[in-house]
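Please treat every number below as a calculation from the coordinates, not as lab data. No experiment lies behind these values; they were computed from the predicted model shown. Counting neighbours? That spans all protein chains shown, and the Cβs are built from the backbone with ideal geometry, glycine included.
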Amino acid sequence: MEKVKIEKNTVQETLIVPLYGRKMCSEKFPEIYTDIFAEKLCDRLDYDFSELEKKKNSFLYEFGSLEAAMRQLDIMWEIKEYLKKYPKATIVNLGCGLDETGKACDNGVCHIVNVDFPDVIEIRNQLILKCEREINIACDLKDYSWMDKVDGTNGVILFAAGVFHYFKRDEVKKLALELSKRYSGGCLVFDSVGKFGLKLMMSKVLKNMGIRDIEGLFYINDPIQELNWSENIKVTSNGYMLGYYDMKSPNIRFSHRLLARICDNIMKMSINRMDFKNLE
Ligand SMILES: C[S@@+](CC[C@H](N)C(=O)[O-])C[C@H]1O[C@@H](n2cnc3c(N)ncnc32)[C@H](O)[C@@H]1O
């Protein structure tokens with residue numbers, strides 16, 4: 001089967017790290033997480049994985065795979081909760097890359113929408129079969145025309161995994177406020193990190209992008225206080241690594257759990273949920 005090329009040093013390349021992380025976590029910690037799609041997708045990509053392969057047994061890369069997996073598990077937990085109340089809701093994956101969380105939560109009646117830049121959606125279309133209740137939208141998230149194609153009549157849960165780090169704080173705020181106006185009763189779930197954490201995590205990416213000063217970028221030290229953007233939005237927030245699952249397994253080392261605590265408490269890594277007030 002022909003492989004699909006991922007260009008190096010482009011925004012689309014950012015989808016590789018979480019995808020490879022999910023594949024690695026499925027191999028190393030299957031009792032915690034399995035992603036049946038990630039391994040097959042990596043095999044279909046024309047991308048030089050040798051750098052990642054070389055480091056895959058290092059402690060930090062192993063931990064990175066847990067990070068990718070825990071974020072997906074947390075978000076899936078929120079989606080499944082929402083679908084209990086609104087089974088026919090639309091699940092919207094913002095900045096979807098090659099992630100198939102929508103499908104992993106499919107209850108047979110919900111709808112699934114995946115949004116990303118046109119070059120990523122082109123790759124996604126070549127690699128991933130859609131189910132009959134699923135659409136892909138090629139659009140910049142900052143151009144709100146994509147919202148015209150998302151039907152929120154039966155409820156909508158939108159999520160962004162590893163996406164808002166590339167946004168400015170004002171851009172995330174504007175997007176969240178627009179969503180809260182369009183989708184009353186809907187909800188937005190996304191991960192965030194504090195200032196110190198963002199500096200550490202993104203130092204290489206930011207350098208490549210020529211960004212020296214992280215002021216203005218989207219980092220959040222205290223989600224409940226700082227995401228208090230509207231009286232129509234209720235914010236809840238949990239620890240990213242240990243807020244939903246305790247990560248207890250014989251394969252998880254003490255040092256993994258210690259670092260997980262540092263991520264949640266010192267780097268302020270969080271999963272945030274914004275519930276939009278039902279205005280009807
Ligand atoms: C780090 S990757 C995460 C991919 C996916 N959410 C996952 O967890 O595997 C970031 C993704 O966000 C997309 N992205 C970043 N900024 C975007 C924007 N303004 N509009 C649409 N997609 C965007 C990138 O193209 C990329 O696919």
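When the convex hull of the C-alpha atoms of the range 85-276 is computed, what volume per residue in Å³ does it have?
So the per-residue hull volume is 144 Å³.
What 222 nm value per residue comes from the helices of the chain, counting each DSSP H run with n ≥ 4 as -39,500 (n - 2.57) and dividing by all residues, nearest 500 deg cm²/dmol?
-12000 deg cm²/dmol
When the chain is fully extended, how far beyond the present Cα-Cα distance does residue 230 get from residue 257, taking 0.36 nm per residue of separation?
Contour length minus Cα-Cα distance gives 6.2 nm.
I need the shape label for the range 116-228. Rule: rounded when a/c is under 1.5, else prolate if a/b > b/c, else oblate, with a, b, c from the alpha carbon gyration tensor.
It is oblate, given that a/c is not under 1.5 and a/b is not larger than b/c.
What are the equivalent ellipsoid semi-axes of the range 93-162, built from the alpha-carbon gyration tensor (square roots of five times its eigenvalues), in whole angstrom, biggest first?
17, 15, 11
Between beta-carbons, use under 12 Å as the cut-off and find the net charge around residue 57, counting Lys and Arg +1, Asp and Glu -1.
Local charge sum for residue 57: +1.
Between residue 177 and residue 117, how many nm apart are label points set 7 Å from Cα along the C-beta direction?
2.7 nm
Would you give the gap between the C-alpha center of the range 1-59 and the C-alpha center of the range 153-194, rounded to a whole Å?
Computed from Cα coordinates, the inter-centre distance equals 26 Å.
Determine the relative contact order of the chain: mean sequence separation of Cα pairs under 8 Å and six or more apart, normalised by residue count, in whole percent.
Relative contact order of the chain: 17 percent.
Please go through the residue pairs 40/103; 3/40; 40/142; 23/54; 28/54; 103/142 and name each one whose alpha carbons sit more than 20 Å apart in this structure.
The answer is 40/142; 103/142.
Could you name the lysines in cross-link range of residue 149, using Cα to Cα under 17 Å and dropping any fewer than eight places away on the same chain?
88, 130, 181
Using the basic label-point model (7 angstrom from Cα toward the beta carbon), what is the residue 27 to residue 81 distance in nanometres?
Taking the two extended label points, one gets 3.3 nm.
Please give the FRET efficiency for residue 49 paired with residue 127, using the beta carbon to beta carbon distance and R0 = 25 Å, rounded to the nearest 0.05.
Efficiency for this residue pair is about 0.95.
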